[in-house]
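Student: Encoded as structure tokens, here's the structure I'll be asking about.
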Amino acid sequence: MTDQGMLQHLLAAPGTEPTLASFNTEIWWMVLLKAGMVFAFLLLTTIFMIWFERRVIGRMQNRPGPNRAGPFGLLQPVADALKLPLKEDIIPRSADKLIFVIAPVISATMAFIGFSVIPWGPEVSIFHHQTPLQLADLPVAVLVILAMSSIGVYGLVLAGWASGSPYSLLGALRSAAQVISYEIAMGLAFVAVFLYAGSLSTSAIVAAQNNGWFFWELPVSFVIYLFTMVGETNRLPFDLPEGEGELVAGYHTEYSSMKFAMFYLAEYINMTTVAALATTLFLGGWRAPWPISLWSGANTGWWPLLWFLIKVFILLFGYVWLRGTLPRVRYDQLMALGWKVLIPVSIVWILFIAVIRAWKLNFNSTAIYAVAGLVFVLLIIMVMAWDEAAQQRAARNAPTEASPQPAVAGPGQPAAPAFPVPPLDLPHYHGTGVEPGNSATPAREVTGA
Amino acid sequence: MRLYLPIFILALLGFGFASFSVFMGTRLGPKRWNRAKLESYESGIEPTPHPPGGGRIPVKYYVTAMLFIVFDIEIIFLYPWAVTFNKLGAFGLVEMVTFVITVLVAYAYVWRRGGLEWD
């Protein structure tokens, strides 16, 4: 930064919080420059994340991961990206050709648009022009992200439908049902943030976190959002739409070459976008974390970009960590978590937080007490429902432990199960031709056979 | 409209990149015709013939879609309410709690009738 730039910057220091007005006076080349920056950032993050994910998963599974191409295997994703266009591009005979080609383009384009309203930092000077470090801001900025994640689902559904293959169709249906289920919980998690910030504009939401991140005031919303961001992006442990054990690759089973690469790109960009949205809404956006925020220069100039990137990459590491740790859930478990836990918890939480907010704002009305009592009753009902569900689960699990007992009909008479079961203590179950006493692994006792 | 311009520019960039990549994928890759390769992939078995009319889809998906609409409309009402909460005052709070509880009645009904069970 030149001296003049520094001076300009110091003069502008009190007004570094960008407002909607600062987006109305942008120069055309600045818009182009920032659009190019966002585009390049998303591509580079995808390339980096592919390498980072494979390395970290490798470490977690006690193997080195890719380490041949370039230093630390850093060129591996570049090699992959060069390989993909050189592969044969197959369009199956049963496919609807036009939609089959359009679907990956829809997915990738919508993924790019979602990131446009994320704030990266306060106003900075680029070539002596004051400009907010954010491509676009609208009075309804968060709605743009929600809309793009909804339209992105069209890409997946059309891809699965147009492939004309059962695996693809199943993956697409699952994906649609999963994403719309988790979108409700996601939308409800945002309500508490809008309540506190009083705006849907992302820059205003970051400005509202000046005195404390929403993470501290709205922890329940943040946890619900963490669940839904994994569900929305179809990542492990919620990657049912492409569960390779049952659906080969789900909606992109029939895709190869660059069309497959576009789905891959869309998935990683969506991960980055929801992580950046979590940063913006709950983790103070580009604001410096606590010990650093004591330094007065931490929230000015280009430094906030660094804090923003650190927060986003910590969340992205969380994705990789989840993938390395958790097995995939069952589909009914996934839907039950979305519909029976996340949605009721977030609705009651919104009412609770609204009452707290009304209390703080001092509305001078006795109605608040009535509402507070009502919300309290709702909380009790929820706890009771939870308790009842736990008891039901215990009752469901109990018979399976006791089941061997009634299965034995009597001495000398074989048990008569409802369907034919082969005897379970065949020798090959415990190693061929070895007496149970001599085998390395002792024969497991099988009851009820 | 001016505020939306950067979003359109990024959309154009993304669309251009995606369509260029897909186009290059069709041009650069080899083309080796093989009848089996163009069949839909079903882990090696003969592909299932297409059922007329696209086949049948479990009704559970339609129930999920309808419930989605119910709750999405609730969210549509919640957003403007949350943004203008300070101005609406206690009136807004009471109205919204009433509305949410009526939706919760429908939700409890769906739950009791098994609309949220997946099996």
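Student: For the protein assembly as shown, what is the per residue volume of the convex hull drawn over the alpha-carbon atoms, in cubic angstrom?
Tutor: 227
Student: Can you tell me how much longer the chain between residue A:376 and residue A:57 gets when fully stretched, taken as 0.36 nm per residue apart minus their C-alpha distance, in nm with one decimal?
Tutor: Between residue A:376 and residue A:57, full extension yields 110.4 nm more.
Student: Okay, next question. May I ask for the accessible area buried between chains B and A, both sides summed, probe 1.4 Å, to the nearest 100 Å²?
Tutor: That pair of chains buries around 6700 Å² in total.
Student: Rounded, prolate or oblate for the stretch A:215-322? Axes are the square roots of the Cα gyration tensor eigenvalues, ordered a ≥ b ≥ c, and the cut-off for rounded is a/c under 1.5.
Tutor: It comes out prolate by the Cα gyration axes.
Student: Next question, about the same structure. Accessible area per residue for the protein assembly as shown in Å², computed with a 1.4 Å probe and the full protein assembly in place, what is it?
Tutor: For the protein assembly as shown, the solvent-accessible area averages 51 Å² per residue.
Student: Measuring from centroid to centroid over Cα atoms, what is the spacing of the stretch B:42-119 and the stretch A:177-213 in Å?
Tutor: Centre-to-centre (Cα) distance: 19 Å.
Student: Given the stretch B:34-119, what whole percent of its Cα pairs are spread farther than 17 Å?
Tutor: Value for the stretch B:34-119 (Cα pairs over 17 Å): 68 percent.
Student: What percentage of the solvent-accessible surface of the stretch B:2-112, computed with a 1.4 Å probe over protein heavy atoms, is contributed by carbon and sulfur atoms?
Tutor: Ligands and nucleic acids excluded, carbon and sulfur reach 71 percent.
Student: Which order do the peptides A:53-65, A:328-340, A:184-196 take when ranked by the mean count of other beta-carbon atoms within 10 Å per residue, highest first?
Tutor: Ranking the peptides A:53-65, A:328-340, A:184-196 by packing returns A:184-196, A:328-340, A:53-65.
Student: Got a number for the accessible area of residue A:173? Probe 1.4 Å, square angstrom, nearest 10.
Tutor: In the full protein context, residue A:173 sits at about 40 Å².
Student: Would you calculate the separation in nanometres between label points at residue B:8 and residue A:394, each defined as 7 Å from the Cα along the Cα-to-beta-carbon direction?
Tutor: For the pair residue B:8/residue A:394, the computed spacing is 6.3 nm.
Student: Ignore the peptide's own chain and count Cβ atoms of other chains within 10 Å of each Cβ in B:24-35; give me the average, rounded.
Tutor: Whole-number average of other-chain Cβ neighbours for B:24-35 is 5.
Student: Looking only at other chains, what is the average number of their beta-carbon atoms within 10 angstrom of each beta-carbon in A:130-136?
Tutor: Average per residue, whole number: 2.
Student: Indicate the residues belonging to the stretch A:180-222 that lose 40 Å² or more of solvent-accessible heavy-atom surface (probe 1.4 Å) upon moving from the chain alone to the assembly of all protein chains, ignoring ligands and nucleic acids.
Tutor: The answer is A:180, A:184, A:191, A:194, A:195.
Student: Taking all protein chains in place and a 1.4 Å probe, what share, in percent, of the accessible surface of the stretch A:91-162 do carbon and sulfur account for?
Tutor: Roughly 77 percent of what the probe reaches on the stretch A:91-162 is carbon or sulfur.
Student: Let me ask another. Relative to the first principal axis of the alpha-carbon coordinates of chain B, what is the inclination of helix B:5-28, with its axis defined by its Cα atoms, in degrees from 0 to 90 and to the nearest 10?
Tutor: So the inclination is approximately 20 degrees.
Student: Sticking with this structure for a sec: Going by alpha carbons, how many degrees (0 to 90, nearest 10) lie between the helix axis of B:85-112 and the longest principal axis of chain B?
Tutor: Value to nearest ten degrees: 60.
Student: Something else now. Heavy atoms only, probe 1.4 angstrom, no DNA, RNA or ligands counted: give me A:154, A:225, A:167 ranked by accessible area, highest first.
Tutor: Heavy-atom accessible area, descending, gives A:154, A:167, A:225.
Student: Can you compute the modelled spin-label distance between residue A:74 and residue A:366, with each label point 7 Å from Cα toward Cβ, in nm?
Tutor: 7.0
Student: Right, here's the next one. Please average, across the residues of A:86-99, the number of beta carbons from any other chain that are within 10 Å of each residue's own beta carbon, and give a whole number.
Tutor: Rounded to a whole number, the mean comes out at 4.
Student: Report the FRET efficiency, 1/(1 + (r/R0)^6), for residue B:42 and residue A:83, where r is their Cβ-Cβ distance and R0 is 22 Å, rounded to 0.05.
Tutor: FRET efficiency, residue B:42 to residue A:83: 0.30.
Student: Just need log10 I(q)/I(0) for the stretch A:16-328 at q = 0.08, 0.09, 0.15 Å⁻¹, Debye formula, equal scatterers on the alpha-carbon atoms, no solvent, rounded to two decimals.
Tutor: At q = 0.08, 0.09, 0.15 Å⁻¹ the computed log10 ratios are -0.38, -0.48, -1.27.
Student: Want the number for residue A:37 to residue A:330: 0.36 nm per residue separation, take away the alpha-carbon distance, what's left?
Tutor: Difference between extended and current length: 101.5 nm.
Student: How far apart, in nm, are the 7 Å Cα→Cβ label points at residue A:21 and residue A:385?
Tutor: That separation, rounded to one decimal, is 4.7 nm.
Student: Can I ask one more? Quick one: how many lysine pairs does the protein assembly as shown have with C-alpha atoms less than 16 Å apart and a gap of 8 or more or different chains? Give me the count, please.
Tutor: 10
Student: Pairing the Cα long axis of helix B:60-83 with the longest principal axis of chain B, what angle in degrees results, from 0 to 90 and rounded to the nearest 10?
Tutor: Between helix and principal axis, roughly 50 degrees.
The values are calculated or read from the model by the stated rules, or taken from the named source; none is laboratory data. Note that the structure is predicted; figures quoted are calculated from it, not measured. Methodologically, a virtual Cβ is constructed for each residue, glycine included, from the backbone with ideal geometry; neighbour enumeration extends over all protein chains shown. All accessible areas refer to the heavy atoms of the entire protein, side chains included, with ligands and DNA or RNA removed. Shrake-Rupley method; radii C 1.70, N 1.55, O 1.52, S 1.80 Å.
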